[in-house]
Amino acid sequence: MVVERVELRWIRMRLKEPFETSFGREQDREALLVTVYADGLEGWGEVVASRDFGYSYETTETAWMVLRGFLIPAVLGQEIPDVETVARLGERLRGHPMARAGLEAAFWDLFARRAGLPLSRMLGGARDRVPVGVSIGLQPTDAALLEKIEGYLAEGYRRIKVKIKPGRDVEMIAAVRRAFPEIPLMADANSAYTLEDADRLAALDAFHLMMIEQPLHWDDLCEHAQLQARLRTPICLDESIHSVRHARAALDMGACRIINIKPGRVGGLLEAKRIHDLCRERGIPVWCGGMLETGIGRAANVALASLPGFTLPGDLSASDRYYFEDLVDPPFVLNPDGTLTVPQGPGLGVTIDRRRVDRVTLRMEAFQA
Ligand code: NPQ
Ligand code: MG
């Protein structure tokens, strides 16, 4: 199909509460929305870069530049036969995966709508419900954390992930385990440790965590392999897995036993699917990570998580985990069994509320062929 028009929106959504990790704290979620128009249809994608550095070198500003300066001009007015073509154009950047993933996602939505298929089916998804966990930011006190956990368990979340950092780790996890001896529990360090902290991280072996996510440097594989050899708890890599090539290397060298897959981090849904396929072949469990997405990014994540290799609960969460009001109808709500329902309509399978989108838009630019 020939791309007639692309719109780029910079949005800001107030979070219900600030989200704090080892790298920082955010009160508002800023993100970009990409809309691609072709064949009388439209497709929507979300760019998960945030306003500040921290999780990644990408920011809303860098993603805006890359989309406006290179990615959008590369597709505008062009005949785009498939999502592979969009992914290949993006690979020429050798970086900026979140910007690329947002554009690619809009094309996935567009192609799925044109085929009259739910995105889940386009991707090879098998399930109509996916199990979900919740990610809880650093809290001021252990008591506050225990209270949060209790609330989310009551809502039906199937797995609890807590953020850790030096000074908020072994004792805090011990307190959580005392209060909740049996719950599926894991910890995410967002790269807050070094190999010198190996003994401290090994002390977490006492608490039968499902996994420890990204303890060491965001771009490291080698030291994670050394650390994994000293831990009984499986390491799950998030930040360090930039592509299927990194995933293969990580598994070959024993740097992790589980992988968190985020389309934004790896440059798109196509690369995410490749990592899923590799891990499935090798019997490595994967789960879908989260980046505090609006319903637009969330719908794509839920579709991805319906693939058969996503055997662990993802950081998918319901719309009301982060936001007072989502941008899509219906919003994502947690089923009583701790799952989210995979939308069955064409494309993302949700309706985008343009009035709500307009209300949260800070900047808009349209590109016409
Ligand atoms: C993770 N997400 O798995 C990320 C990191 C993260 C749900 O834990 C603004 C935007 C703030 C994106 C904080 C979860 C963020 C963000 C943390 C992503 O490591
Ligand atoms: Mg993580």
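The values are calculated or read from the model by the stated rules, or taken from the named source; none is laboratory data. Note that this is a predicted model, so its numbers are computed, not measured. For neighbour counting, all protein chains shown are included, and Cβ atoms are generated from backbone atoms with ideal geometry for every residue, glycine included.
When you go through Ala198, Ala206 one by one, which is the residue that is surrounded by 17 or more Cβ atoms within 10 Å (Cβ to Cβ), part of a helix (DSSP H, G or I) and more than 16 Å from ligand 1 (Cβ to nearest atom)? Lay out the reasoning, then the answer.
Working: Ala206 fails: surrounded by 17 or more Cβ atoms within 10 Å (Cβ to Cβ).
Only one candidate qualifies: Ala198.
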Within the stretch 25-67, the count of residues that are touching a His at 6+ places or on another chain (Cβ under 7 Å) and touching a residue at least 40 places away in the same chain (Cβ under 8 Å) comes to 1
Test of understanding: among Gln228, Gln214, which residue is assigned by TED's automatic domain parsing to the domain that holds Asn335 and touching a Lys or Arg at 6+ places or on another chain (Cβ under 8 Å)? Gln228
Which pairs do you get when a residue that is polar (S, T, N, Q), found in the stretch 243-262, comes within reach of a residue that is more than 16 Å from ligand 1 (Cβ to nearest atom) and in a helix (DSSP H, G or I), reach meaning Cβ atoms under 8 angstrom, with the pair 6+ apart or on two chains? Ser243/Glu271
Criterion: under 27 Å from Gly24 (Cβ atoms), of a type outside the set (Gly, Ala, Ser), surrounded by 21 or more Cβ atoms within 10 Å (Cβ to Cβ) and away from ligand 2 (no atom under 16 Å from the Cβ) - qualifying residue of Tyr157, Tyr193: Tyr157
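Restricting the stretch 218-229 to residues that are within 16 Å of ligand 1 (Cβ to nearest atom) and either of a type in the set (Asp, Glu) or not in a helix (DSSP H, G or I) (or both), which is surrounded by the fewest Cβ atoms within 10 Å (Cβ to Cβ)?
The residue in question is Asp219.
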What are the pairs, 6+ residues apart or on separate chains, where a residue within the stretch 279-290 that is closer than 15 Å to Ser243 by Cα and β-branched (Val, Ile, Thr) has its Cβ under 9 Å from a residue that is part of a loop (DSSP other than H, G, I, E, B) and away from ligand 1 (no atom under 16 Å from the Cβ)? Val286/Leu307; Val286/Gly309; Val286/Thr311
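Do you know which of the residues in the stretch 137-154 that are more than 16 Å from ligand 2 (Cβ to nearest atom) and among the hydrophobic types (A, V, I, L, M, F, W, C) is farthest from Pro336 (Cα to Cα)? Give the derivation first.
Keep residues of the stretch 137-154 that are more than 16 Å from ligand 2 (Cβ to nearest atom), which gives 139-154.
Remaining after also requiring among the hydrophobic types (A, V, I, L, M, F, W, C): 143-146, 149, 153-154.
Numbers: Ala143: 26, Ala144: 25, Leu145: 23, Leu146: 22, Ile149: 17, Leu153: 11, Ala154: 10 Å.
Only one residue tops the list, namely Ala143.
With Glu239, Glu293 as the choices, which residue is surrounded by 24 or more Cβ atoms within 10 Å (Cβ to Cβ), within 16 Å of ligand 1 (Cβ to nearest atom) and among the acidic types (Asp, Glu)? Let's see the steps before the verdict.
Values: Glu239 fails: surrounded by 24 or more Cβ atoms within 10 Å (Cβ to Cβ).
So the residue among Glu239, Glu293 that is surrounded by 24 or more Cβ atoms within 10 Å (Cβ to Cβ), within 16 Å of ligand 1 (Cβ to nearest atom) and among the acidic types (Asp, Glu) is Glu293.
If the requirement is being assigned by TED's automatic domain parsing to the domain that holds Met186, buried (at least 20 other Cβ atoms within 10 Å of the Cβ) and among the charged types (D, E, K, R), which of these qualifies: Asp315, Asp337, Asp277?
Details: Asp337 fails: buried (at least 20 other Cβ atoms within 10 Å of the Cβ); Asp277 fails: buried (at least 20 other Cβ atoms within 10 Å of the Cβ).
Among Asp315, Asp337, Asp277, only Asp315 is assigned by TED's automatic domain parsing to the domain that holds Met186, buried (at least 20 other Cβ atoms within 10 Å of the Cβ) and among the charged types (D, E, K, R).
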